[in-house]
Amino acid sequence: MRRTVDQIDELLRMRAAADWLEATPQFGVSVFARGKAVVESGISGRQGTYFSLMEACLGVLERELVRVETYVPVYRINLPAYWRVTDALALVRKKIREGTAQNIWKDCMPARVPAEPVGSISRRATVAATFVAGLELVRQGEMSAKQMAFLM
């Protein structure tokens with residue numbers, strides 16, 4: 001891009017102003033203000049600042065309190081949907097009432113999902129829950145030990 005003469009003149013004026021500002025003494029670097037000898041009123045500037053700070057902090061805390069009171073965090077545990085002992089007990093008792101429970105391993109376990117591997121955790125949990133349910137029912141006398149036997 002080509003610059004016009006007016007733009008170049010403006011840039012030169014800005015550079016001259018920057019050089020002049022840089023050459024003058026700067027407050028807080030080369031020149032320091034003189035401190036106040038006597039405070040005119042009973043409340044100093046520092047106390048006023050302190051009270052303003054406390055007021056601002058109180059406002060922030062009140063807003064935070066309102067936010068916390070309206071927000072209710074819910075902690076949810078992500079549990080896998082395994083076959084539980086209570087599920088197995090309910091199914092085995094239902095099969096016993098219907099008279100269709102000949103063998104716990106054949107009749108009282110849910111069908112295996114085809115995509116599920118044979119030794120998966122959910123399948124092992126199913127077998128364990130059914131076994132514990134069978135033992136509990138044998139202990140209570142609702143089922144015979146013969147119905148608990150593994151098929152060979």
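The values are calculated or read from the model by the stated rules, or taken from the named source; none is laboratory data. Note that this is a predicted model, so its numbers are computed, not measured. FYI the Cβ positions are ideal-geometry reconstructions off the backbone, even for glycines, and counts take in every protein chain you see.
State whether one or more residues within segment 47-61 are surrounded by 10 or more Cβ atoms within 10 Å (Cβ to Cβ), at pLDDT below 75 and either assigned to a helix (DSSP H, G or I) or hydrophobic (A, V, I, L, M, F, W, C) (or both).
yes
Kindly establish whether R93 is within 20 Å of the chain's Cα centre (by Cα) and part of a helix (DSSP H, G or I).
Numbers: within 20 Å of the chain's Cα centre (by Cα): no; part of a helix (DSSP H, G or I): yes.
For R93, the condition - within 20 Å of the chain's Cα centre (by Cα) and part of a helix (DSSP H, G or I) - is not met.
Could you check how many residues of segment 77-99 are without any contact (Cβ under 8 Å) to a residue 24 or more places away in the chain and in contact with a helix residue (DSSP H, G or I) (Cβ under 7 Å, 6 or more places away or on another chain)?
Looking only at that region, the number is 1.
Scanning segment 100-109 for residues that are part of a helix (DSSP H, G or I) and in contact with a helix residue (DSSP H, G or I) (Cβ under 8 Å, 6 or more places away or on another chain), which turns out nearest to L89 (Cα to Cα)? Break it down into steps so the answer makes sense when it comes.
Let us first name the residues in segment 100-109 that are part of a helix (DSSP H, G or I), namely 104-107.
Cutting the leftovers down to in contact with a helix residue (DSSP H, G or I) (Cβ under 8 Å, 6 or more places away or on another chain) gives us 104-105, 107.
Details: I104: 11, W105: 13, D107: 13 Å.
Ranking the qualifying residues of segment 100-109, first place goes to I104.
Would a scan of segment 67-76 turn up a residue that is in a helix (DSSP H, G or I) and either touching a helix residue (DSSP H, G or I) at 6+ places or on another chain (Cβ under 8 Å) or surrounded by 10 or more Cβ atoms within 10 Å (Cβ to Cβ) (or both)? Talk me through it step by step, then tell me what you get.
Going residue by residue through segment 67-76, those that are in a helix (DSSP H, G or I) are 67-70.
Checking the rest, the ones that are also either touching a helix residue (DSSP H, G or I) at 6+ places or on another chain (Cβ under 8 Å) or surrounded by 10 or more Cβ atoms within 10 Å (Cβ to Cβ) (or both) come to 68.
Within segment 67-76 (the criterion being in a helix (DSSP H, G or I) and either touching a helix residue (DSSP H, G or I) at 6+ places or on another chain (Cβ under 8 Å) or surrounded by 10 or more Cβ atoms within 10 Å (Cβ to Cβ) (or both)), the answer is yes, since at least one residue qualifies.
For segment 88-101, name all the residues that are within 19 Å of T126 (Cβ to Cβ) and surrounded by fewer than 16 Cβ atoms within 10 Å (Cβ to Cβ).
First, the residues of segment 88-101 that are within 19 Å of T126 (Cβ to Cβ): 88-96, 100-101.
A90, K94, T100, listed by residue number.
Return only the number of the condition from (1) modelled with pLDDT of 80 or more; (2) surrounded by fewer than 10 Cβ atoms within 10 Å (Cβ to Cβ); (3) over 47 Å from the mean Cα position of the chain (by Cα) that A33 does not satisfy.
So the condition that A33 fails would be (1).
Which ones in segment 110-139 are among the aliphatic types (A, V, I, L, M), in a loop (DSSP other than H, G, I, E, B) and farther than 21 Å from K94 by Cα?
Just the residues of segment 110-139 that are among the aliphatic types (A, V, I, L, M), to begin with: 111, 113, 115, 118, 121, 125, 127-129, 132-133, 135, 137-138.
Keeping just the survivors that are in a loop (DSSP other than H, G, I, E, B) gives 111, 113, 115, 118.
Residues satisfying the conditions are V113, A115, V118.
Can you tell me which residue is modelled with the highest pLDDT among those in segment 140-152 that are surrounded by fewer than 15 Cβ atoms within 10 Å (Cβ to Cβ) and in a helix (DSSP H, G or I)?
Step by step, filter segment 140-152, then rank; the result is Q140.
What pairs can you find where one residue is in segment 104-119 and farther than 26 Å from E136 by Cβ, the other is assigned to a helix (DSSP H, G or I), and their Cβ atoms are less than 8 Å apart, with a gap of 6+ or different chains?
P117/R123
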